[in-house]
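Have a look at the structure below, then the notes.
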Amino acid sequence: MPSEPETAAGRIVGGAELAAKHSAVDRDGALKDITIAGVRFRPTRPVPHEDGYLTEVARTGWDVLDAPIVQVHVTTTFPGRVRAWGLHRSITDRLFVVSGLVKIAVFDGREDSATRGCLNEFVVGEKNPGLLVIPPSLYHGWKNIGTMDSIIINMPDKMYDYESPDALHLSWNSEAARRIIPPVW
C-alpha cells in the first residue's frame, strides 16, 4: 500500500489518491492543452458598456474561419444532459456557447492522424466565451455542466443536406463509446 504523502502540515489521509493539478492556460492566458491536429479555439471576451455587454461570435478576418459561414443554427441542451458523440465526414463545425456552462470534448479517432487517441476538453460559456473549430472526422460532443439551459450556436462550413446528412452518431453511453473514447462525462 502506498504511503500517505508528506506536506508542510504533515501526512494527509487519502493523500495517495490526490492528483496534481495543472493549469489549462499559460502565463499569457493562452490555452495549453489543444493537442488535436486541426482543432482551433479563439477566445473572445465580453466587452462591457453602459447598457450591458457585447461579445463577438465570429468575424471574417479571424484566422480560425478559413471557409465562409453558410448556415447558422442554435441548439439548446438541458442542465446535466450530454449530447455526444457526433462526427462529420466533410463538415467543419464552429461552435460558440451563448449561454450556460458547457464542457465540450473532442476525440481524435483518425487512424492516420499524428494526434490519434488525443482528447481535448474545453469549458466554455458566457463568462469564458470562444469560438471552437472542429474539423471533419473528429468525435465531438458536450455536456451542460451548468444549472440552466445552454444555448450553442453552430456555424458549419457546409449546409445541412436534408436528403443525405453528413452526420454520424455514436451514443455517449454505449459500450462502443466506452471502448473507443476515453471517459469524459
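Computed values, structure above
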{"item": "Some residue of the stretch 71-79 being in a loop (DSSP other than H, G, I, E, B), on the phi < 0 side of the Ramachandran plot, surrounded by 11 or more Cβ atoms within 10 Å (Cβ to Cβ) and within 17 Å of the chain's Cα centre (by Cα)", "result": "yes"}
{"item": "Criterion (surrounded by fewer than 17 Cβ atoms within 10 Å (Cβ to Cβ) and within 21 Å of ILE180 (Cα to Cα)) met by exactly one of ALA84, ALA114, ALA67, ALA105", "result": "ALA114"}
{"item": "Subset tally (residues that are over 17 Å from the mean Cα position of the chain (by Cα), farther than 19 Å from GLY80 by Cβ and either among the polar types (S, T, N, Q) or surrounded by fewer than 12 Cβ atoms within 10 Å (Cβ to Cβ) (or both)) for the stretch 146-164", "result": "5"}
{"item": "Extreme residue, modelled with the highest pLDDT, among residues of the stretch 9-28 that are over 17 Å from the mean Cα position of the chain (by Cα) and under 21 Å from VAL106 (Cβ atoms)", "result": "ASP26"}
{"item": "Residue that is closer than 16 Å to PRO79 by Cβ and either part of a loop (DSSP other than H, G, I, E, B) or at pLDDT below 95 (or both), where the choices are MET159, MET148", "result": "MET148"}
{"item": "Residue within the stretch 131-145 that is among the aliphatic types (A, V, I, L, M), more than 17 Å from LEU87 (Cβ to Cβ), at pLDDT 95 or above and buried (at least 18 other Cβ atoms within 10 Å of the Cβ) present", "result": "yes"}
{"item": "Subset of the stretch 85-115 [over 17 Å from THR55 (Cβ atoms) and basic (Lys, Arg)]", "result": "ARG89, LYS103, ARG110"}
{"item": "First in the stretch 119-138 and over 13 Å from LEU101 (Cα atoms), second anywhere and of a type in the set (S, T, N, Q), Cβ under 8 Å, 6 or more apart", "result": "ASN120/THR35; LEU131/THR44; VAL133/THR92; ILE134/THR92; PRO135/THR92; PRO136/SER90; PRO136/THR92"}
{"item": "Residues within the stretch 80-125 that are among the charged types (D, E, K, R) and part of a strand (DSSP E or B), tallied", "result": "5"}
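The values are calculated or read from the model by the stated rules, or taken from the named source; none is laboratory data. On a predicted model such as this, the values are computed, not experimentally measured, just so you know. When we count neighbours, we look across all protein chains shown, and the Cβ atoms used for this are built from the backbone with ideal geometry, even at glycine.
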